[in-house]
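Every number here is computed from the coordinates shown, using simple stated rules; none is lab data. These numbers come from a predicted model, not from an experiment. Here Cβ is always computed from backbone atoms with ideal geometry, including for glycine, and neighbour counts include all displayed protein chains.
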Amino acid sequence: MTRVFADSNYWVELLNLSDELHTKAVAAAERYSDAQIVTSEMVLTEVLNGFSGSGPGSRRAASKAARALRHQPNVVVVPQSSEQFERALDRYQARLDKSWSLTDCASFLIMEDEGIEAALTHDQHSLQAGLRALLRQAPAKAAAGFFAPSTPLRTL
């Protein structure tokens, strides 16, 4: 089974219908629908933080999506731990020449530990870390009806 990592940008782009990369995220979701998607609690924290100032409707939808992801059979959510935090902090400190966030560092370590070489992201940081950024490869056109176009933020 194919395994890919999903970063916060992917989840935001997938959930936010007005995001400029939403169509690519939807196409990637369809393309990798049979894959095991690995993400982390740190990533979900970043997603929720991203929607924190978007109003009650978006906050409700984002929290509902984060909860739903934890129960999807093809999604593995790696829990945050003190050890993970310390390792990510070590990576963060060791890469002072990069603009990687602490969550990026934790994500890269998870991917290394799990042998995952591709991420559902458009982010250049993954490329800097030597990973494949799948949203840079995904087709721009997605199948109609994957998400209802009438809602600005959609839950999974």
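What shape does segment 1-45 take by its C-alpha gyration tensor, where a ≥ b ≥ c are the square roots of the eigenvalues and a/c under 1.5 counts as rounded, a/b above b/c as prolate, and the rest as oblate? Oblate.
Taking the DSSP beta bridges in the chain as the whole, what percent of them are antiparallel, to the nearest 5? Approximately 10 percent, going by the DSSP bridge assignments. Mind checking the angle between helix 41-50 and the chain's longest principal axis? C-alpha axes, 0 to 90 degrees, to the nearest 10. Taking Cα atoms only, the helix is inclined about 50 degrees. For a label point 7 angstrom out from the Cα of GLN36 toward its Cβ, which stretches of segment 66-95 have the backbone nitrogen within less than 19 Å? Only 69-80 fall inside the zone, counting backbone N under 19 Å. Near the amide H of VAL75, within less than 5 Å, lie the amide hydrogens of ILE37, all on another chain or at least 5 residues away, with H placed in the peptide plane. Within the shell defined by Cβ-Cβ distances under 15 Å, the residues around ASN49 carry a net charge of -3, with Lys and Arg each +1 and Asp and Glu each -1. In a fully extended conformation the segment linking LEU96 and GLU83 would gain 2.6 nm over its present Cα-Cα distance, using 0.36 nm per residue. If you look at the Cα atoms of segment 1-137, you get an Rg and a Dmax of 14.3, 39 Å.
The packing ranking, built from the mean of other Cβ atoms within 10 Å per residue, places the peptides 111-122, 35-46, 94-105, 4-15 in the order 4-15, 35-46, 111-122, 94-105, highest first. Simple rule: put +1 on each Lys or Arg Cβ and -1 on each Asp or Glu Cβ in the chain, find the dipole, and look at LEU48, ALA25, SER58; the Cα lying farthest toward the positive end is SER58.
A Cβ-based charge dipole, computed about the Cα centre of the chain with Lys and Arg at +1 and Asp and Glu at -1, lands at about 580 debye. Apply the a/c threshold of 1.5 to the C-alpha gyration tensor of segment 45-84 and tell me whether it is rounded, prolate or oblate. Note, shape of segment 45-84 comes out oblate.
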